[in-house]
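What follows is a short report on a single structure.
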Amino acid sequence: MSTRRQFVQWIPAAACGLAAAAQAQAQSALVDEKSPQAAGLGYVADASKADKAKYKQFAAGQNCGNCALYQGKPTDAAAGCPLFAGKQVAAKGWCSAYAKKG
């Protein structure tokens, strides 16, 4: 039989677990290329589809996986990016804010 004290002690742990699960779920959503922010930065999930005529700074080999803003490992399929809070970008993606890592 549970006591009221045990129940009250259990509430903070449950709240933390739910918060962590919600954050993980939100972090798993990929950036929509058609969102205003993504479109404004020229984000594409596949760097080979970047608008090379519009974005002259694009160079072969550039992708989110080797960008300084990419918050995952280069081997991750997708990870967070501070430009798209709560969303993930594809490692093979690209946007005009690309900054070489290193």
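The values are calculated or read from the model by the stated rules, or taken from the named source; none is laboratory data. Nothing here was measured: the structure is a model prediction, and the numbers come from that model. FYI the Cβ positions are ideal-geometry reconstructions off the backbone, even for glycines, and counts take in every protein chain you see.
A compact table of results
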| quantity | calculated |
| --- | --- |
| Exclusive hit being touching a Phe, Trp or Tyr at 6+ places or on another chain (Cβ under 8 Å), at pLDDT 95 or above and part of a helix (DSSP H, G or I), set Gln62, Gln37 | Gln37 |
| Scan of segment 58-80 for residues that are within 15 Å of Gln37 (Cβ to Cβ) and either in contact (Cβ under 8 Å) with a residue 40 or more places away in the chain or acidic (Asp, Glu) (or both), ordered by number | Gly80 |
| Residue within segment 69-79 that is at pLDDT below 95, under 17 Å from the mean Cα position of the chain (by Cα) and surrounded by 12 or more Cβ atoms within 10 Å (Cβ to Cβ) present | yes |
| Flag for Ala85 being out of contact with any Ser or Thr (no Cβ under 7 Å at 6 or more places or on another chain) and assigned to a loop (DSSP other than H, G, I, E, B) | yes |
